[in-house]
Amino acid sequence: MSGFVSDKPNVPRPIAADFNSSTVSTLSTSNSGLFQRFKDSFKRADVVEDVHEKEGQEEYATGLNKTQQKLKHNIKTRHLTMISLGTGIGTGLLVASGKALHYGGPGGLLIGYLTTSTMLYCVVQACCELGVAYATLPGNYNAYPTFLVDRGFGFAVALVYGLQWAIVLPLELVTASMTIKYWTESVNPDVFVAIFYLFIVFIHFFGSRGYAESEFIFNTLKVLLMAGFIIMGISLNCGASKLGYIGAKYWSNPGTFAGERSINHLKGICSVWVQSAFAYGGSEFIALTAAEQANPRESVPSATKRWLYRVVVVFLIPIALICFLVPYTSDQLLSSSGASASHASPFVIAAAYHGVKIVPHIINAIILTSVISVGNSGMYSAPRILLSLAENGLCPKIFTYVDRAGRPLATLLFVCVFGLLSFVAASKNQESVFTWLTAIAGLSQLFTWTSIALSHIRFRAAMKVQGRSLGELGYTSTTGAIGSYYAVFFNIVVLVAQFWIAIAPIDKHGELDAESFFKNYLAFAVLVLFYVGYKIWYREVQLLIPVDKIDLETHRQIFDEEVLQQEELERKERMKTASFKQRFIAFWC
């Protein structure tokens with residue numbers, strides 16, 4: 001990339017009349033140069049200040065800071081397309097949904113995912129508004145609460161968010177070892193963990209290029225899996241199963257909700273909320289990519305529509321089919337107490353339960369690649385998130401180290417060490433560890449979404465108090481501040497509900513359980529620890545930044561209201577004369 005110090009030092013070309021001596025000299029220099037380049041690639045990258053005449057000039061236009069300039073971007077359009085389609089299809093949807101079905105039943109599973117989707121749409125809208133307004137802000141949504149709410153609150157949420165992504169790697173590797181149990185239980189799970197761990201680490205020492213190519217393949221398989229499962233699921237439900245027509249059979253027997261009492265039905269829905277938050281993790285990324293486009297006023301509405309379609313097709317339709325094809329009493333589901341120890345994905349069970357041959361093995365194989373893919377994404381995202389936090393003074397300064405090959409080396413090594421947690425896969429408490437990790441990841445995601453919505457509420461309040469017009473914004477949330485209030489309220493309800501089922505688990509029939517509480521609510525304790533620690537260290541007593549003191553100038557892109565109004569009038573005029581096809585595409589896409 002232009003503007004970077006080359007990681008390929010010049011190798012002197014031998015000048016000699018004798019061909020043989022020239023050849024020997026070249027080979028010797030080439031061999032030493034290869035080793036030297038490898039060794040030098042781990043040195044700290046330098047930043048070239050004068051890049052205005054080079055192709056890298058656009059990086060200054062997007063507000064990237066000096067450390068972020070060092071990261072090498074090798075992700076092409078084809079990579080982004082498949083990554084955007086496949087992101088989120090991982091452990092939360094493919095495996096943990098079995099646990100949600102077991103505790104919630106089909107009704108609880110569907111209600112949990114639907115309600116979480118409504119909250120998340122409001123968060124995405126808020127994130128898009130702030131993302132366009134603060135497109136040049138280093139740290140993006142991790143930094144919003146630090147100047148819109150409270151720096152201590154922003155510090156705590158950002159660190160827990162970084163921890164969440166660091167946890168993704170060991171979580172996905174543990175899940176991969178559980179997935180393999182469908183085929184064999186005779187091999188030590190740590191053998192597979194070691195293979196997958198080394199494979200992912202190897203990929204990421206090639207930088208973003210290795211990540212992009214591997215994700216292109218992984219996400220292509222995931223998209224094909226979801227498309228094939230929808231077709232198969234509808235066919236099975238309509239009569240292709242060995243059991244004949246199924247319809248809503250499992251909604252009446254064993255029932256719509258798990259448990260015999262109404263209180264257990266409610267607890268089942270509560271348990272689904274955190275699992276669905278884990279499954280939807282990363283949805284906020286859409287705001288970043290959309291806000292960086294040349295015309296965010298057009299790209300952001302289009303991106304949010306595509307996100308909505310993706311939620312329906314990738315999440316809600318497959319979840320609905322699972323509710324019709326798999327009884328919540330199946331002993332193969334995760335967290336079930338039956339004789340089966342395979343704890344297969346509900347997607348695999350859906351095929352195997354209805355007599356489909358070979359396909360369950362294909363689905364399980366793709367699920368295996370999917371969870372490895374999410375681990376691969378975590379290995380890519382976590383170091384860069386920690387790098388961003390360090391740039392904002394929220395992590396140790398050593399985390400800003402980026403080497404000449406464009407790798408955030410310090411944070412990459414930190415995440416590699418964190419990934420060694422995955423070797424608990426051979427433990428008898430493997431499923432317990434899985435619960436610990438998913439609870440931390442799910443709650444951390446809720447904290448991040450709450451901070452985005454709360455930041456949006458405070459931003460709108462500051463705009464009003466300081467007499468600023470919403471016309472200055474390049475994009476305004478379609479759900480407004482009301483949508484953000486709803487998102488904050490919903491997430492608080494989920495956190496309270498999670499506290500309830502953590503301290504009085506469903507399978508303990510109302511009995512209090514301290515171990516279960518810490519297992520399922522650890523992330524909240526970590527958040528409080530970071531927040532209180534920050535306040536004590538910096539001796540701060542202020543809980544909120546006063547609305548009239550919120551900085552609405554730094555890093556904010558202020559649009560010309562008159563120009564925006566004129567552009568909107570021109571767009572409406574174009575639509576009046578546009579063909580039906582153009583109007584249809586403009587409305588739906």
*For the range 444-449, what does the Karplus curve 6.51 cos²θ - 1.76 cosθ + 1.60, with θ = phi - 60°, yield as ³J(HN,Hα) per residue in whole Hz, taken in order and with x for Gly and Pro?*
4, 5, 5, 4, 5, 4
*Mind ordering 443-450, 569-576, 347-354, 124-131 by average Cβ neighbours within 10 Å, highest first?*
124-131, 443-450, 347-354, 569-576
*Calculate, for SER252 and ALA227, the FRET efficiency according to 1/(1 + (r/R0)^6) with r their C-beta to C-beta distance and R0 30 Å; round to the nearest 0.05.*
0.50
*asked:* Through the Karplus equation 6.51 cos²θ - 1.76 cosθ + 1.60, θ set to phi - 60°, convert the phi angles of the range 144-157 into ³J(HN,Hα) values in whole Hz; use x for Gly and Pro.
replied: 3, x, 5, 10, 9, 10, 6, 4, x, 5, x, 4, 5, 5
*Cα-based Rg (one decimal) and Dmax (whole number) for the range 79-558, in Å?*
22.0, 68
*the range 83-134 and the range 377-425: distance between their alpha carbon centers, rounded to Å*: 26 Å
*Greater than 30 Å apart at Cα, pairs in LYS99/LYS249; LYS428/LYS535; LYS267/LYS464*: LYS428/LYS535; LYS267/LYS464
_From phi via Karplus (6.51, -1.76, 1.60), per-residue ³J(HN,Hα) for the range 277-282 in Hz, x at Gly/Pro_ = 4, 5, 5, 7, x, x
*Please give the peptides 231-238, 472-479 ranked by average Cβ packing (other Cβ atoms within 10 Å per residue), highest first, as a rough proxy for protection.*
472-479, 231-238
_Protection proxy ranking of 548-558, 187-197, 368-378 - average other beta-carbon atoms within 10 Å, highest first_ = 368-378, 187-197, 548-558
*Rank GLY483, SER302, THR115 by how far each Cα sits towards the positive end of the charge dipole of the range 79-558 (+1 on Lys, Arg Cβ; -1 on Asp, Glu Cβ) and give me just the farthest.*
SER302
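Only the coordinates and a few stated rules stand behind these numbers; no lab work does. This one's a predicted model, so the numbers in the text were calculated from it and none came from an experiment. Neighbour counts are summed over all protein chains in view; Cβ atoms, including those assigned to glycine, are modelled from backbone coordinates with ideal geometry.
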